1. Can you tell which of 86, 76 is within 18 Å of residue 134 (Cα to Cα) and either without any contact (Cβ under 8 Å) to a residue 12 or more places away in the chain or under 18 Å from the mean Cα position of the chain (by Cα) (or both)?
2. Can you pull out the residues in the stretch 59-76 that are touching a Ser or Thr at 6+ places or on another chain (Cβ under 7 Å) and either part of a loop (DSSP other than H, G, I, E, B) or open to solvent by 10 Å² or more (accessible area, probe 1.4 Å) (or both)?
3. Go through the stretch 76-97 residue by residue and tally those that are out of contact with any strand residue (DSSP E or B) (no Cβ under 6 Å at 6 or more places or on another chain) and aliphatic (A, V, I, L, M).
4. Inside the stretch 97-154, can you point out the residues that are hydrophobic (A, V, I, L, M, F, W, C) and within 26 Å of residue 66 (Cα to Cα)?
5. Search the stretch 148-173 for residues that are more than 14 Å from residue 109 (Cα to Cα) and pair each with any residue that is among the basic types (Lys, Arg) and open to solvent by 60 Å² or more (accessible area, probe 1.4 Å) when their beta-carbon atoms are under 7 Å apart and the residues are at least 6 apart or on different chains.
6. Just a yes or no: is a residue in the stretch 22-32 within 21 Å of residue 134 (Cβ to Cβ) and part of a helix (DSSP H, G or I)?
7. Just wondering, is there one or more residues in the stretch 21-35 that are closer than 30 Å to residue 177 by Cα and among the aliphatic types (A, V, I, L, M)?
8. Here is a list of conditions, (1) more than 25 Å from residue 100 (Cβ to Cβ); (2) within 17 Å of the chain's Cα centre (by Cα), and residue 151 meets all of them except one; can you say which number that is?
Amino acid sequence: MSIPDIILADQHKIPQIGLGLWQVKDQSEFDTAFTSAIKAGYRHFDSAQAYGNEQMLGNAWQASGKKRSELFLTTKIGVQNFRYKKAHSSFEESLAKLHTDYVDLLLLHFPVTILRKKAWKALEEIHKTGGARSIGVSNYTIRHLEEMQSYAKIMPVVNQVELHVFLQQPELVKYCRNHNIVIEAYSPIA
């Protein structure tokens with residue numbers, strides 16, 4: 001199966017379909033899901049610090065026989081790590097767990113009121129040094145994205161939000177399209 005790519009505003013490509021690893025906590029279940037996904041043609045794998053399975057993903061992709069360049073790895077900075085220095089240090093821990101020196105997409109997991117500006121600055125620096133090829137956000141509303149225009153040097157290329165037939169968020173989808181931010185749906189089949 002060939003999964004088409006979407007070109008992001010920063011000109012990197014993201015596979016249109018990925019495997020979200022949110023609820024996969026058991027190593028055996030993880031291995032089965034990952035192996036099945038690889039066999040089905042998946043190359044995009046979405047993890048997060050909060051999921052507690054970055055190490056499983058790192059081990060799985062290394063055991064798969066795939067080159068790192070053949071995969072698209074996403075992780076997210078957990079809200080407990082949104083302080084500027086903690087965002088940097090926790091990201092280094094994520095890279096070690098993922099057995100890589102970069103991620104394809106790094107997201108802020110949730111728009112924490114007081115800390116999101118400093119956390120975004122950390123992501124911009126991580127991006128600038130090559131630790132993350134693309135940077136984005138998760139669970140941001142139009143208000144959060146508009147606020148970012150006042151402090152972001154780089155706007156997010158992705159906004160990962162819950163999106164499915166029962167939660168369509170048409171205003172947010174339109175806003176993101178108009179601002180060249182790709183909507184990445186989680187729980188797309190509800």
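The values are calculated or read from the model by the stated rules, or taken from the named source; none is laboratory data. Computed from a predicted structure; not experimentally measured. Counting neighbours? That spans all protein chains shown, and the Cβs are built from the backbone with ideal geometry, glycine included. Note: accessible area is taken over every heavy atom of the protein model, side chains too, but ligands, DNA and RNA are not part of it. Shrake-Rupley method; radii C 1.70, N 1.55, O 1.52, S 1.80 Å.
1. Working: 86 fails: within 18 Å of residue 134 (Cα to Cα).
Answer to the selection: 76.
2. Result: 68, single match.
3. 3
4. Listed by number, the residues that qualify are 98, 103, 105, 106, 107, 126, 132, 135.
5. Qualifying pairs under 7 Å: 151/117.
6. Checking the stretch 22-32: not a single residue is within 21 Å of residue 134 (Cβ to Cβ) and part of a helix (DSSP H, G or I).
7. yes
8. (2)
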